[in-house]
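Colleague: Structure below; questions to follow.
The values are calculated or read from the model by the stated rules, or taken from the named source; none is laboratory data. The model shown is predicted, which means the values in this text are computed figures rather than measured ones. All Cβ positions, glycine included, derive from the backbone under ideal geometry; neighbour counts span all protein chains shown. We work out accessible area using only protein heavy atoms, side chains counted, and drop any ligands, DNA or RNA first. Shrake-Rupley method; radii C 1.70, N 1.55, O 1.52, S 1.80 Å.
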Amino acid sequence: MPEQDLLQVKKDKLEQLVKEGKDPFKITKYDVTHHAAYIRDNFDEMGEQTVRVAGRMMFKRKMGKASFCNVMDKTGKIQIYVARDSIGEEAYEEFKKILEVGDIIGVEGKVFKTNTGEISIHADIITLLSKNLQTLPEKFHGLTDTDIRYRQRYVDLIMNEEVK
């Protein structure tokens, strides 16, 4: 899809949120209890503790009644498991249709380990903190053009963890 069309889709989603009375740019205080690195490092002591994390959604995989996404905060990434039964039908539809890679979200839920052994958060509440209106480079190739990396330093910092 051309970039202009992608930008228009993002603007349409923003308009839909505003019509529903959900301003994604309203200054909101979101109390974070833990960061991704702390959760990964201290998983054994935490058990199934409820945590609140916030960060940029970097990846999203939709599957039927459940989905996964990765949220990157200042300490790294953590996987989020989003189930329709846990967050509710309406919130799950909003997650699938409105929330996109690049949006900044807050997640509240219990820490657990998946069948593949990845430490994750089973989301109970997902809050949109800020809508991303620009497209990020695709994750597979990343940001490889050196000129763009220097001119658009903010994008380089978002996409490349080692740069931070």
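Colleague: Taking amide H atoms as placed 1.01 Å from N in the peptide plane, list the residues 5 or more away in sequence, or in a different chain, whose amide H sits under 5 Å from that of Phe59.
Modeller: Answer set, sorted by chain and number: Asn70.
Colleague: Let me ask you something else. For Val53, what is the net charge nearby, where nearby means another residue's Cβ is under 13 Å from its Cβ and Lys, Arg count +1, Asp, Glu -1? Could you put the intermediate results ahead of the total?
Modeller: Working: positive: Arg40, Arg52, Arg56, Lys74, Lys77, Lys110; negative: Asp31, Asp73, Glu108, Asp124.
Net local charge, Val53 excluded: +2.
Colleague: Here is a further query. Multiply the residue gap between Ala83 and Val101 by 0.36 nm, knock off their C-alpha separation, and tell me the result in nm, one decimal place.
Modeller: Result for the pair: 4.7 nm of gain on full extension.
Colleague: In segment 1-125, what percent of the accessible surface is made up of carbon and sulfur (1.4 Å probe, ligands and nucleic acids excluded)? Don't jump to the answer; show the numbers that get you there.
Modeller: Working: 3570 of 7130 Å².
Its accessible area is 50 percent carbon and sulfur atoms.
Colleague: If you don't mind, there's one more thing I want to ask. Past the 31 Å Cα-Cα mark, which pairs from Lys13/Lys74; Lys26/Lys77; Lys11/Lys110?
Modeller: Exceeds cut-off: Lys11/Lys110.
Colleague: Counting only heavy atoms of protein chains, what accessible area per residue, in Å², does the chain have with a probe of 1.4 Å?
Modeller: For the chain, the solvent-accessible area averages 60 Å² per residue.
Colleague: So, one more: Could you list which residues have their amide H under 5 Å from that of Ser130, counting only those 5 or more apart in sequence or on another chain, with H placed in the peptide plane?
Modeller: Amide H neighbours of Ser130, under 5 Å, 5+ apart: Ile104.
Colleague: Using mean Cβ contacts within 10 Å as the protection proxy, how do 8-18, 69-79, 106-116, 40-50 order, highest first?
Modeller: Order by mean packing, descending: 69-79, 106-116, 8-18, 40-50.
Colleague: Now for a separate question. Label points 7 Å out from Cα along the Cβ direction at Glu48 and Gln134: separation in nm?
Modeller: 4.2 nm
Colleague: Also, I was wondering about something else. As I understand it, the dipole of the chain uses +1 on the Cβ of Lys and Arg and -1 on the Cβ of Asp and Glu, about the Cα centre. Which of Met57, Ile158, Phe95 lies farthest toward its positive end?
Modeller: Comparing the listed Cα positions along the dipole, Ile158 ranks first.
Colleague: What spacing in nm lies between the two simple spin-label points modelled at Met63 and Asp5, each 7 Å away from Cα in the Cβ direction?
Modeller: 2.8 nm
Colleague: Continuing with this model, one more query. Report the extension gain between Thr116 and Arg40 in nm, rounded to one decimal, defined as 0.36 nm multiplied by the number of residues separating them, less their alpha carbon distance. Don't jump to the answer; show the numbers that get you there.
Modeller: Working: separation 76, 0.36 × 76 = 27.36 nm, distance 1.46 nm.
Extra length from Thr116 to Arg40 when fully extended: 25.9 nm.
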